[in-house]
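Chemist: The structure's right below; bear with me while I get my questions together.
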Amino acid sequence: MTFVLVGISILVLTVGFFVLAAYRFAYSMTTFTENGVRTPRPHDMTPWQRLGVLINGVTIPKPPLDRLPTDLGFAYHEHRTTTQDGTSIAMWELPHESPRGTVILYHGYTVAKSFVLDEAQAIHRLGYHVWLVDFRGSGDSDGLITTIGWHEWQDVAASVAYVIDTVPPRPLVVYGQSMGGAAILHAQSREPLPVNGLILEAVYTTLETTARRRCQRLGLPAWPVAPLLLHFGSRLRNFDAHALRPIDFATAVTQPTLVIHGAEDRNVTQADTDALVSQLAGPTTATTILGSGHECIRKGNPEAWDRAVDDWLVLLETVDR
């Protein structure tokens, strides 16, 4: 009988530990801090740091702007717009004297619009008017909360409408990195975006898959921790994390789309990208960039990235005429 009681006690304590760890993790993954030192990424952590994450969650300071367009030699304008739920969103405009079209860039998770400045510079050099957007909780936009692509659909919809009202573009393309691509797809599934094309880079298929992989990299059991993460994330941030499935949102896309995958991406696999591509309803071009991982695919192979984007934009202009 004693052994049974001890076994039950250990089971209760273990379950309680994982429930508490999942709650802390879900809270800290969706709540940026005003200051503090960022917790290293899973593959850079020591065993002691991983244990600390299990106990205390992670620390992610609000993603700052670590560069300005002037650092790359650009004159720029600052803009703000307001989303459906009243969130103030910050934007940069990099004008082009005689643009071939307009591209709006959306960054990924835990970074700000300055993170995609190199991509913006490359696209501007191709002859495009460029806009960069801070998602809620990042850079100069309001708040400290992120929902990893769910409520961010409003940021996409509001910024697209603002750009159209400010600088009537033709063609208009939206580009999203990782979470940025997920937010674009979510916006498209809500109400078709008035854009001519999409560039999707390193976009995850489902938030559940992403949570499972993060657990594995931290040495946590994917079950039950990943489902608990999604449960607490949903309750804390007022959305259904299980429904955050860009692969399902993709069926609403009828515009021409370029999908970019990094061959060394450890977060989004080639199989994930292929599955996403198979769900897109419009004309789709998919390219895999060798030597590139999940973040900033262009950095790993700028020549291949520039060529793929330029070729696709030329093709889009031909279709748009």
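Chemist: List pairs: first in region 287-307 and under 21 Å from Ser114 (Cα atoms), second modelled with pLDDT of 95 or more and among the basic types (Lys, Arg), Cβ under 7 Å, 6+ apart or cross-chain?
Modeler: Trp305/Arg298
Chemist: Another question, if that's okay. Before we move on, is Ala281 closer than 26 Å to Pro169 by Cβ and either among the basic types (Lys, Arg) or surrounded by fewer than 14 Cβ atoms within 10 Å (Cβ to Cβ) (or both)?
Modeler: Yes, satisfied.
Chemist: When you scan region 226-239, do you find a residue that is among the aromatic types (Phe, Trp, Tyr), closer than 19 Å to Val19 by Cα and free of Cβ contacts under 8 Å to residues at least 40 places away in the same chain, even just one?
Modeler: So far as region 226-239 goes, no, none of its residues is among the aromatic types (Phe, Trp, Tyr), closer than 19 Å to Val19 by Cα and free of Cβ contacts under 8 Å to residues at least 40 places away in the same chain.
Chemist: Looking only at region 153-182, how many residues end up being without any contact (Cβ under 8 Å) to a residue 40 or more places away in the chain and surrounded by 24 or more Cβ atoms within 10 Å (Cβ to Cβ)?
Modeler: The total comes to 1.
Chemist: I'm checking my understanding of the structure. Among residues of region 195-224 that are among the charged types (D, E, K, R) and within 30 Å of Ala252 (Cα to Cα), which one is nearest to the chain's Cα centre (by Cα)?
Modeler: Top of the filtered list is Glu201.
Chemist: Looking only at helices (runs of 4 or more DSSP H) that fall completely inside region 256-321, which ones have 1 or more residues that are among the acidic types (Asp, Glu)?
Modeler: Here the list reads 270-279, 302-320.
Chemist: Please tell me if Gly219 is in contact (Cβ under 8 Å) with a residue 60 or more places away in the chain, of a type in the set (Gly, Ala, Ser) and part of a loop (DSSP other than H, G, I, E, B).
Modeler: yes
Yes or no, residue by residue, for (1) surrounded by 15 or more Cβ atoms within 10 Å (Cβ to Cβ); (2) modelled with pLDDT of 75 or more; (3) more than 28 Å from Trp92 (Cα to Cα):
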| position | (1), (2), (3) |
| --- | --- |
| Gly7 | no, no, yes |
| Leu11 | no, no, yes |
| Val15 | no, no, yes |
| Ala22 | yes, yes, yes |
| Phe32 | yes, yes, no |
| Gly57 | yes, yes, yes |
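Chemist: Just to verify a result, which residue in region 98-113, among those that are touching a helix residue (DSSP H, G or I) at 6+ places or on another chain (Cβ under 8 Å) and not in a strand (DSSP E or B), is surrounded by the fewest Cβ atoms within 10 Å (Cβ to Cβ)?
Modeler: Looking at residues that are touching a helix residue (DSSP H, G or I) at 6+ places or on another chain (Cβ under 8 Å) and not in a strand (DSSP E or B), I get Arg100.
Chemist: Right, next: At pLDDT below 95 and either farther than 30 Å from Ser28 by Cβ or of a type in the set (S, T, N, Q) (or both): is that true of Gly300 in this structure?
Modeler: No: the conditions fail for Gly300.
Chemist: Of the residues that make up region 240-253, is at least one outside the structural domain of His151 (by TED's automatic domain parsing), farther than 15 Å from Ala26 by Cβ, in contact (Cβ under 8 Å) with a residue 60 or more places away in the chain and not in a helix (DSSP H, G or I)?
Modeler: no
Chemist: Report the residue count in region 121-140 for those that are within 15 Å of Thr102 (Cβ to Cβ) and either touching a Ser or Thr at 6+ places or on another chain (Cβ under 9 Å) or buried (at least 22 other Cβ atoms within 10 Å of the Cβ) (or both).
Modeler: Matching residues across region 121-140 total 8.
Chemist: If you go through region 83-97 one residue at a time, how many are in a strand (DSSP E or B) and touching a Ser or Thr at 6+ places or on another chain (Cβ under 9 Å)?
Modeler: 6
Chemist: Spot the failing condition for Gly139; the list is (1) in contact with a strand residue (DSSP E or B) (Cβ under 7 Å, 6 or more places away or on another chain); (2) under 25 Å from Leu315 (Cβ atoms), and only one is missed.
Modeler: (2)
Chemist: Another one. For a quick check of your reading of the model, give me the residue pairs whose first member lies in region 99-112 and is without any contact (Cβ under 8 Å) to a residue 12 or more places away in the chain, whose second is among the β-branched types (Val, Ile, Thr) and surrounded by 23 or more Cβ atoms within 10 Å (Cβ to Cβ), with beta-carbon atoms closer than 7 Å and at least 6 apart or on different chains.
Modeler: Qualifying pairs under 7 Å: none.
The values are calculated or read from the model by the stated rules, or taken from the named source; none is laboratory data. Please read all numbers here as calculations on a predicted model, not as lab measurements. Please note: Cβ atoms are built from the backbone with ideal geometry, for glycine as well, and neighbour counts cover all protein chains shown.
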